[in-house]
Amino acid sequence: MKATGWSIHPSEHLEPNQFSLEDGEANIARKDIINIFTDGSKTEYGVGAAFCVLTNDIWAYQWSAKFNDNNTVFQAGLTVLHEAVIYATHLPNHNTSKIHVDNRASIMASSNSKSTNKTAKKNFQNPPFKSKNNIRFFYA
């Protein structure tokens, strides 16, 4: 399968112009919310995952990883969600964080206490999945 839209794997060179705030929900640009955008993908260049953080419309942080070719997009999605939650839990409590996830299965598996996937179980143990706090998840 030939990749379209990327000349390299997105986890290797994620740039601020590779996403658009106009495509998201209306309150993405609110100044009181920290937005974290996640992506797990597979192209001819391999499997990878990345997230970026926008604070006050400024690219504040990014994380990325390239996986083995035998990993799945689902595994990449679970891992990037895990890393985004770790990042968000270390933010000051007065901040509201929105984690935008493009893989609904990652959210569902991570919020299910009976999930058999190791990473999903690890995600479930994180406070955002167990209690109410300032971290919200959105399917993008």
Under 5 Å between amide H atoms, partner at least 5 residues away or on a different chain: which partners does I34 have, H built in plane at 1.01 Å? T96, S97, K98
Just the number please: accessible area per residue for segment 38-139, 1.4 Å probe, all protein chains included, in Å². 54 Å²
Ignoring ligands, DNA and RNA, what percent of the 1.4 Å accessible area of segment 38-139 is carbon and sulfur? 49 percent
Applied in sequence order to segment 82-93, the curve 6.51 cos²θ - 1.76 cosθ + 1.60 (Karplus, θ = phi - 60°) yields integer Hz couplings, x standing for Gly and Pro, of 4, 5, 5, 5, 4, 4, 5, 6, 8, 7, x, 4
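The values are calculated or read from the model by the stated rules, or taken from the named source; none is laboratory data. Keep in mind the model is a prediction, meaning the values are calculated, not measured. The accessibility values were calculated without ligands, DNA or RNA, using every heavy atom of the protein model including side chains. Shrake-Rupley method; radii C 1.70, N 1.55, O 1.52, S 1.80 Å.
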